[in-house]
Amino acid sequence: MAHSSKIFCCFSFLFSTLSIIPLSHQLEQHPLDSLTPNEFIRVQAIVNQSHPTTTNDITFQYIGLNEPDKQALISWLQNHRSTPITAPPPRQAFVIARINHQTHELVVDLLYDNIVSDHIHHGFGYPLLTFEEQNGASQLVFNHAPFLAALNKRGLKVEEVICETFAIGWFGETKQNGRVVKVMCYYLDGTVNLYMRPIEAITVTVDLEAMKITHFRDRLVVPVPKAAGTDYRESEQTEPFGPELKGITVVQPDGPSFIIDGSRVR
């Protein structure tokens, strides 16, 4: 699986947040401030340098701040009040990555740009799904002949079908089943409210490591709910409508009662 940037939605949020924070506050970094976009990029580069993508299969499931030791943080806060130039505790990132089909929990030091801890998780549980994995698994069914035959049996148009992946759950098994997801599909054709039109009684499971369908079963034909009355878009609504809401105005003539200082709200 090709390596790609998987920094999740917080990455784009950080970009937008930093754009509205004054530069003076950005430079005054608190030890508990979230990682910046540049730090995300540095962390990925450090891990990739340790595990080159030319010889390793890497996906990043999580990157976040590895919070400093509480006593070190308290000591810094006490000294910072009297001596603002006091050096903060070492800034580190905590990373969960899949490297060659193993779950690594890494701690990356952002001062020295190196990995200080690399632990392989062998217990139960698996890391978050990536968007690429979910999209890849969802698309497999459209090249799976039994699935296409099941759609045809129901009289459904394949171009109106959309699929999603869901974790299969853990029910106390003593043997691990691997990173497996189930694929559930829905039918559009006249509505964008896909969850109102599930294609039921079709079971599909996918092995994310091998990226292939490991189980398929078409149990019975369940009629798909009709599309009429399910579209929630304003353009699709018809009269009579409910009463219009009365106007409301919120005024703070003296400004807000809070101050945003970097990532802190006072």
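General observations
- Some residue of region 181-203 being at positive phi and acidic (Asp, Glu): yes
- Note on region 76-90: residues that are out of contact with any helix residue (DSSP H, G or I) (no Cβ under 9 Å at 6 or more places or on another chain) and within 28 Å of residue 118 (Cα to Cα) amount to 1.
- When residues of region 79-97 are limited to those that are over 14 Å from residue 46 (Cβ atoms) and surrounded by 13 or more Cβ atoms within 10 Å (Cβ to Cβ), the one nearest to the chain's Cα centre (by Cα): 96
- Filtered residues of region 155-176 (kept if under 30 Å from residue 122 (Cα atoms) and in contact with a Phe, Trp or Tyr (Cβ under 7 Å, 6 or more places away or on another chain)): 170, 176
- Entry remark, region 199-210: residues being open to solvent by 30 Å² or more (accessible area, probe 1.4 Å), of a type outside the set (D, E, K, R) and not in a loop (DSSP other than H, G, I, E, B) number 1 in total.
- Residues of region 211-231 that are open to solvent by 80 Å² or more (accessible area, probe 1.4 Å) and touching a residue at least 40 places away in the same chain (Cβ under 8 Å): 212 alone.
- Top-ranked residue of region 63-78 - restricted to ones that are open to solvent by 70 Å² or more (accessible area, probe 1.4 Å) and not acidic (Asp, Glu), ranked as nearest to residue 31 (Cα to Cα): 70
- Extreme residue, farthest from residue 136 (Cα to Cα), among residues of region 32-75 that are β-branched (Val, Ile, Thr) and not in a loop (DSSP other than H, G, I, E, B): 74
- Here 183, 192 are screened, and the one residue that is touching a Phe, Trp or Tyr at 6+ places or on another chain (Cβ under 9 Å), more than 28 Å from residue 104 (Cα to Cα) and of a type in the set (Val, Ile, Thr) is 192.
- Residue within region 83-95 that is in contact with a Pro (Cβ under 6 Å, 6 or more places away or on another chain) and touching a residue at least 24 places away in the same chain (Cβ under 8 Å) present: yes
- Among the criteria (1) among the acidic types (Asp, Glu); (2) under 23 Å from residue 227 (Cβ atoms); (3) out of contact with any strand residue (DSSP E or B) (no Cβ under 9 Å at 6 or more places or on another chain), the one residue 113 does not fulfil is (2).
- Region 195-210, subset among the hydrophobic types (A, V, I, L, M, F, W, C) and without any contact (Cβ under 8 Å) to a residue 60 or more places away in the chain, residue farthest from residue 154 (Cα to Cα): 210
The values are calculated or read from the model by the stated rules, or taken from the named source; none is laboratory data. Values in this document were obtained by computation on a predicted structure and should not be read as measured data. All Cβ positions, glycine included, derive from the backbone under ideal geometry; neighbour counts span all protein chains shown. For accessibility, only protein heavy atoms count, side chains too; no ligands or nucleic acids. Shrake-Rupley method; radii C 1.70, N 1.55, O 1.52, S 1.80 Å.
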